[in-house]
Amino acid sequence: MTADILPSDFDFTDPDVNLRAVPHEEFTALRKAEPIHWVEQTEPARAGMSTDSGTGYWAVTKHADVAAVSKNSKVFSSRENGVIIRLPETATRESVELTKVVIINQDAPEHTQLRQIISRGFTPRAIGALEEVLEVQARRIVRDA
């Protein structure tokens with residue numbers, strides 16, 4: 001069934017696929033026929049990823065499923081491989097391990113605790129207070145360019 005949906009070597013993370021265009025047709029086909037689909041990857045495409053994670057990734061193509069995955073860090077982890085879905089072929093496991101300090105690559109409870117600390121800096125009022133400073137800097141950058 002899968003072979004009829006996507007070519008066997010199709011990988012949503014392939015830069016060449018995305019250079020041509022966002023693969024809307026492929027996403028649509030999967031949403032209709034196989035909304036949770038295993039995508040096998042070549043070894044260079046998995047550079048830096050944990051060997052325990054397998055030889056590819058699950059493409060989750062329906063909004064409700066994506067929402068469910070994003071809310072279940074006990075089963076689905078951002079921490080293991082981070083959120084970057086394809087790293088350079090030169091990436092190492094050690095380089096991925098170093099990214100675990102970045103909030104988006106953390107799972108609860110660490111993510112929750114850090115988010116509580118920094119969320120005050122991202123309120124509408126706090127962001128609004130940056131507007132004037134950012135506008136001045138943006139105008140300077142454009143002028144200088």
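Would region 87-94 turn up any residue that is in a helix (DSSP H, G or I), more than 18 Å from Ser50 (Cα to Cα) and open to solvent by 60 Å² or more (accessible area, probe 1.4 Å)?
No, the conditions are met nowhere in region 87-94.
Among the listed residues Trp38, Trp58, identify the single one that is touching a Gly at 6+ places or on another chain (Cβ under 9 Å), among the aromatic types (Phe, Trp, Tyr) and part of a strand (DSSP E or B).
Result of the check over Trp38, Trp58: Trp38.
Which of the following residues is assigned to a loop (DSSP other than H, G, I, E, B) and either touching a Lys or Arg at 6+ places or on another chain (Cβ under 7 Å) or of a type in the set (D, E, K, R) (or both): Arg143, Arg79?
Arg79
What number goes with the only condition from (1) under 17 Å from the mean Cα position of the chain (by Cα); (2) within 20 Å of Ser95 (Cβ to Cβ); (3) of a type in the set (Val, Ile, Thr) that Val22 does not pass?
The failed condition is (2).
Tally up the residues in region 11-26 that are surrounded by 15 or more Cβ atoms within 10 Å (Cβ to Cβ) and either part of a loop (DSSP other than H, G, I, E, B) or among the hydrophobic types (A, V, I, L, M, F, W, C) (or both), please.
Counting residues in region 11-26 that are surrounded by 15 or more Cβ atoms within 10 Å (Cβ to Cβ) and either part of a loop (DSSP other than H, G, I, E, B) or among the hydrophobic types (A, V, I, L, M, F, W, C) (or both) gives 5.
If you check every pair at least six apart or on different chains, which have Cβ atoms under 6 Å apart with a residue in region 82-100 that is touching a residue at least 60 places away in the same chain (Cβ under 8 Å) first and a residue that is outside any helix (DSSP H, G or I) second?
Between residues of region 82-100 that are touching a residue at least 60 places away in the same chain (Cβ under 8 Å) and residues that are outside any helix (DSSP H, G or I), the close pairs are Ile85/Thr13; Arg86/Thr13.
Which one of the conditions (1) under 18 Å from Thr13 (Cα atoms); (2) among the hydrophobic types (A, V, I, L, M, F, W, C); (3) open to solvent by 50 Å² or more (accessible area, probe 1.4 Å) does Phe76 fail to meet, given that it meets all the rest?
Here Phe76 clears every test but (1).
Those residues that are among the polar types (S, T, N, Q) and closer than 28 Å to Thr42 by Cα, I need them from region 90-131; list them, please.
Listed by number, the residues that qualify are Thr90, Thr92, Ser95, Thr99, Asn105, Gln106.
Being open to solvent by 100 Å² or more (accessible area, probe 1.4 Å) and either closer than 14 Å to Ser78 by Cβ or assigned to a helix (DSSP H, G or I) (or both) is true for just one of Ile127, Ile117. Which residue is that?
Just one listed residue meets the conditions, Ile117.
Residues Thr28, Thr42: which one is farther than 16 Å from Ile85 by Cβ and over 18 Å from the mean Cα position of the chain (by Cα)?
When all the criteria are applied, what remains is Thr28.
The values are calculated or read from the model by the stated rules, or taken from the named source; none is laboratory data. Keep in mind that what you see is a predicted model, and the values were worked out from it rather than measured. Cβ atoms come from the backbone with ideal geometry, glycine included; neighbour counts cover every protein chain shown. All accessible areas refer to the heavy atoms of the entire protein, side chains included, with ligands and DNA or RNA removed. Shrake-Rupley method; radii C 1.70, N 1.55, O 1.52, S 1.80 Å.
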